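A quick write-up on the structure given underneath.
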Amino acid sequence: MGPCSSASSLSSSTSFTPSLFKNETPRLSKFFILPGKSHSSLWVSQVGSTTTLARKHFQLKSSNGHPLDAVSSHDGLVENPLASKPQGEGLFSFSEQENVESSVSITVVGASGDLAKKKIFPALFALYYEDCLPKNFIVFGYARTKMNDEELRNMISKTLTCRIDRRENCEDKMEQFLQRCFYHSGQYDSEEHFAELDKKMKMKEDGKLAHRLFYLSIPPNIFVNVVKCASLRASSANGWTRVIVEKPFGRDSESSGELTRCLKQYLAEDQIFRIDHYLGKELVENLSVLRFSNLVFEPLWSRSYIRNVQLIFSEDFGTEGRGGYFDNYGIIRDIMQNHLLQILALFAMETPVSLDAEDIRNEKVKVLRSMRPLLLEDVVVGQYKGHSKGGKLLPAYTDDPTVPKGSVTPTFAAAALFIDNARWDGVPFLMKAGKALYTRRAEIRVQFRHVPGNLYRRNFGTDLDKATNELVLRVQPDEAIYLKINNKIPGLGMRLDRSDLNLLYRARYPREIPDAYERLLLDAIEGERRLFIRSDELDAAWALFTPLLKELEEKKIIPELYPYGSRGPVGVHYLAAKYNVRWGDLSE
Ligand SMILES: NC(=O)C1=CN([C@@H]2O[C@H](COP(=O)(O)OP(=O)(O)OC[C@H]3O[C@@H](n4cnc5c(N)ncnc54)[C@H](OP(=O)(O)O)[C@@H]3O)[C@@H](O)[C@H]2O)C=CC1
Ligand SMILES: O=C1O[C@H](COP(=O)(O)O)[C@@H](O)[C@H](O)[C@H]1O
């Protein structure tokens, strides 16, 4: 496994202890699983120089040997035997046997759409450009739009860019990549059309051990149709079949549970990769490294030293034509219930047993299940209104032609959340997320408590809040981690100053940071599940937000209007003040 893979720097993604190899630390060994009946399979393995053919009943185990559902209530779903074909669910990354060559096909369903063009195809090309894709990869686009291979390639080529730090001829690499891209037009609910796709895939797979990844880049309401057709008529016959499912996963607890139940008619949990691309962001990945690999942080990471935590998402543009999706979901479902809550879970969780996916996800579930459901009194919602700025008229949310007139869907929300456990009891976690604000930014801000009996309190005047330490992880733009400290100004006097201990990524690492989608696509291909959402995590996340979302809709809460390009509704400051918090981003 090359430098591209996260798994190469982590212990094996999920330890797998068939009795045959009880002590065998599963390296990324050369073997593959032949499909068999549920939970038992013929598999051929080559460990070292010995090739062993064994029929084993095996069960996924986390690295500490406990069953995977150690902390999460088992969803009790009866999985369809068809769905539970062993899928090499990250047990090992597949790599070629000496005598068996494999291929990986990545099918982008909804290939004509915004996310496919903006993120997925560019990420696949970037992985290819960095030599991170398997040798025999094939990309298929699938959507209703009529296109041929050339038209797909032409569409894709418009959004591809090359890493600036590589010397290779970008055009050649781009052409090589595009020649691996093919298109099939079909309906999302047509088994026949997926059977046609399967035929095309088989031709390109050319008899190899064929692994298949389907990326559902389509509106959530057609996920199940596609999963049914793909699972029944375009699953791999001899390798793994995995499905990446985009957010939002449902609209509330009920619809999310229903979606999972429907998907599990055709797929096993280990075939479902629920993507939240914020988990692939560099600074979000670094959060755990910062906390768990540095002695200085872990002792401070609790209510004893931390006054509040702020999770901030801000965009300086509006919905811009995505109202058809956005108006049905709103900012809380679009950003808070997933991206910001995932960051909160990673920030607040206990130390996992290991870096194995299930150990990490177990800890995230535990902290999410320790949280209090959100109350309406601890939430502010807003919606951007038209505003003229610098002679330019900025539109209101409802000016967007794809937004229903009179919509009360929030484009901004702020909330105070609490974790009722020993580590965080009483610490306010303040989230705010908004579109059409004054800046584009995503960051985590940790405000520490005051210094008891501060010797230098006279130097700071009356507002000692300004003297407290603040740790900021700037997820984007311009990735950085900085710690605000107090220091003496050089000279003969004793004047104090505020300075930043600053790790600025572009200065420290002058190379382009991979896009989140690159990391996550690579992990899905390798079966590394650490950065994907498990069904019980999803259940816990919706349990937190569903009561609030229902109350907002039942009471038809009118969002407070805020000017496009402003700092959001005034109510956001009152919410912070209620918990004696000042938003850190406002002073920068
Ligand atoms: N765009 C983004 O920035 C992000 C998107 N997502 C998620 O990714 C998924 C795809 O998003 P995005 O690409 O923006 O979506 P689009 O609205 O662009 O839809 C993708 C494709 O799906 C087909 N489609 C659209 N609406 C319908 C419909 N009502 N019925 C059947 N087919 C339809 C169209 O293809 P055709 O007509 O050719 O079949 C379209 O090109 C969604 O689940 C979204 O929530 C997640 C994060 C960010
Ligand atoms: O999931 C989503 O994320 C994007 C923002 O992603 P980013 O990586 O550009 O920060 C957001 O614009 C979109 O509304 C939402 O669906």
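The values are calculated or read from the model by the stated rules, or taken from the named source; none is laboratory data. Just so you know, these numbers come straight off a predicted model, no measurement behind them. Quick reminder, even Gly has a Cβ in these numbers, built from the backbone with ideal geometry, and neighbours come from all protein chains shown.
Please go through the stretch 456-485 and give me each residue that is among the acidic types (Asp, Glu) and closer than 13 Å to Asn502 by Cα, ordered by number.
Passing the criteria: Glu470, Asp478, Glu479.
No other residue among Val353, Val367 is in a helix (DSSP H, G or I), away from ligand 2 (no atom under 16 Å from the Cβ) and of a type in the set (A, V, I, L, M) apart from Val367. Residues in the stretch 355-396 that are closer than 30 Å to Ser566 by Cα and among the acidic types (Asp, Glu): Glu377, Asp378.
You will find that of Leu374, Leu346, the residue that is surrounded by 19 or more Cβ atoms within 10 Å (Cβ to Cβ) and assigned to a loop (DSSP other than H, G, I, E, B) is Leu374 and no other. The residue list Ile218, Ile222 contains one member that is within 16 Å of ligand 2 (Cβ to nearest atom) and either in a loop (DSSP other than H, G, I, E, B) or at pLDDT below 95 (or both), which is Ile218.
A single entry from Arg291, Arg307 fulfils the requirement of being in a helix (DSSP H, G or I) and surrounded by fewer than 23 Cβ atoms within 10 Å (Cβ to Cβ): Arg291.
Look through the stretch 511-535, keep the residues that are within 16 Å of ligand 2 (Cβ to nearest atom) and acidic (Asp, Glu), and return whichever of them is surrounded by the most Cβ atoms within 10 Å (Cβ to Cβ).
Initially, the stretch 511-535 is screened for residues within 16 Å of ligand 2 (Cβ to nearest atom), giving 512-521, 531-533.
Filter once more, so that each one left must be acidic (Asp, Glu): 512, 515, 518.
Numbers: Glu512: 14, Asp515: 18, Glu518: 22.
It comes out as Glu518.
Inspect the stretch 513-533 for any residue being of a type outside the set (S, T, N, Q), farther than 29 Å from Tyr329 by Cβ and not assigned by TED's automatic domain parsing to the domain that holds Met371 and give the result as yes or no. Checked the stretch 513-533: at least one residue is of a type outside the set (S, T, N, Q), farther than 29 Å from Tyr329 by Cβ and not assigned by TED's automatic domain parsing to the domain that holds Met371.
Of all residues in the stretch 310-337, those that are buried (at least 21 other Cβ atoms within 10 Å of the Cβ), over 18 Å from Arg441 (Cα atoms) and away from ligand 2 (no atom under 12 Å from the Cβ) total 0. When Cys162, Cys181, Cys170 are checked against the criterion of being modelled with pLDDT of 90 or more and away from ligand 2 (no atom under 16 Å from the Cβ), a single residue qualifies: Cys181.
Looking at this structure, is Pro299 free of Cβ contacts under 8 Å to residues at least 60 places away in the same chain, away from ligand 2 (no atom under 16 Å from the Cβ), outside any loop (DSSP other than H, G, I, E, B) and not hydroxyl-bearing (Ser, Thr, Tyr)? Here the answer is yes, as Pro299 does meet what is asked.
Within the stretch 231-249, track down each residue that is part of a strand (DSSP E or B) and under 14 Å from Leu197 (Cα atoms). Once the filter is applied, which keeps residues that are part of a strand (DSSP E or B) and under 14 Å from Leu197 (Cα atoms), the stretch 231-249 yields nothing. Within the stretch 444-479, being in contact (Cβ under 8 Å) with a residue 40 or more places away in the chain, surrounded by 14 or more Cβ atoms within 10 Å (Cβ to Cβ) and farther than 19 Å from Leu300 by Cβ holds for Arg474, Val475, Gln476, Glu479. Residues in the stretch 277-308 that are of a type in the set (Gly, Ala, Ser) and within 20 Å of the chain's Cα centre (by Cα): Gly280, Ser288. What number of residues in the stretch 273-287 are closer than 15 Å to Asp523 by Cβ and assigned to a helix (DSSP H, G or I)? Residues that pass the stated criteria total 7.
Within the stretch 369-384, how many residues are among the hydroxyl-bearing types (Ser, Thr, Tyr) and touching an Asp or Glu at 6+ places or on another chain (Cβ under 9 Å)?
Looking only at the stretch 369-384, we keep the residues that are among the hydroxyl-bearing types (Ser, Thr, Tyr), and these are 370, 384.
Within this subset, residues satisfying the condition of being touching an Asp or Glu at 6+ places or on another chain (Cβ under 9 Å) are 370.
Selection size over the stretch 369-384: 1.
Filtering the stretch 118-134 to residues that are within 8 Å of ligand 1 (Cβ to nearest atom) and without any contact (Cβ under 8 Å) to a residue 60 or more places away in the chain leaves only Lys118.
Only one residue in Ala143, Ala210, Ala126, Ala195 is among the aliphatic types (A, V, I, L, M) and within 16 Å of ligand 2 (Cβ to nearest atom). Which one?
On the way: Ala143 fails: within 16 Å of ligand 2 (Cβ to nearest atom); Ala210 fails: within 16 Å of ligand 2 (Cβ to nearest atom); Ala195 fails: within 16 Å of ligand 2 (Cβ to nearest atom).
Just one listed residue meets the conditions, Ala126.
Residue check: is Leu178 surrounded by fewer than 22 Cβ atoms within 10 Å (Cβ to Cβ) and touching a residue at least 24 places away in the same chain (Cβ under 8 Å)?
In short, yes.
Restricting attention to the stretch 425-445, the residues that are in a loop (DSSP other than H, G, I, E, B) and within 14 Å of ligand 2 (Cβ to nearest atom) total 4. What's the number of the condition Glu320 fails, among (1) assigned to a loop (DSSP other than H, G, I, E, B); (2) on the phi < 0 side of the Ramachandran plot; (3) within 16 Å of ligand 1 (Cβ to nearest atom); (4) of a type outside the set (Val, Ile, Thr)? The failed condition is (2). Scanning the stretch 382-414 for residues that are among the small types (Gly, Ala, Ser) and either outside the structural domain of Gln310 (by TED's automatic domain parsing) or in contact with a helix residue (DSSP H, G or I) (Cβ under 6 Å, 6 or more places away or on another chain) (or both) yields Ser407, Ala413, Ala414. Is there a residue in the stretch 243-260 that is under 30 Å from Tyr509 (Cβ atoms), crowded, with 24+ Cβ neighbours inside 10 Å, in contact (Cβ under 8 Å) with a residue 24 or more places away in the chain and in contact with an Asp or Glu (Cβ under 7 Å, 6 or more places away or on another chain)? No, the stretch 243-260 has no match at all.
Looking at the stretch 406-458, which of the residues that are touching a Leu at 6+ places or on another chain (Cβ under 8 Å) and within 16 Å of ligand 1 (Cβ to nearest atom) is farthest from Glu320 (Cα to Cα)? Across the stretch 406-458, the extreme among qualifying residues is Ala433.
The rows are residues; the columns are (1) touching a helix residue (DSSP H, G or I) at 6+ places or on another chain (Cβ under 6 Å); (2) under 23 Å from Ile244 (Cβ atoms); (3) at pLDDT below 95.
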{"position": "Asn294", "(1), (2), (3)": "no, no, no"}
{"position": "Ile312", "(1), (2), (3)": "yes, no, no"}
{"position": "Tyr325", "(1), (2), (3)": "no, yes, yes"}
{"position": "Gly330", "(1), (2), (3)": "no, no, no"}
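What about Leu279, is it among the hydrophobic types (A, V, I, L, M, F, W, C) and within 16 Å of ligand 2 (Cβ to nearest atom)?
Numbers: among the hydrophobic types (A, V, I, L, M, F, W, C): yes; within 16 Å of ligand 2 (Cβ to nearest atom): yes.
Here the answer is yes, as Leu279 does meet what is asked.
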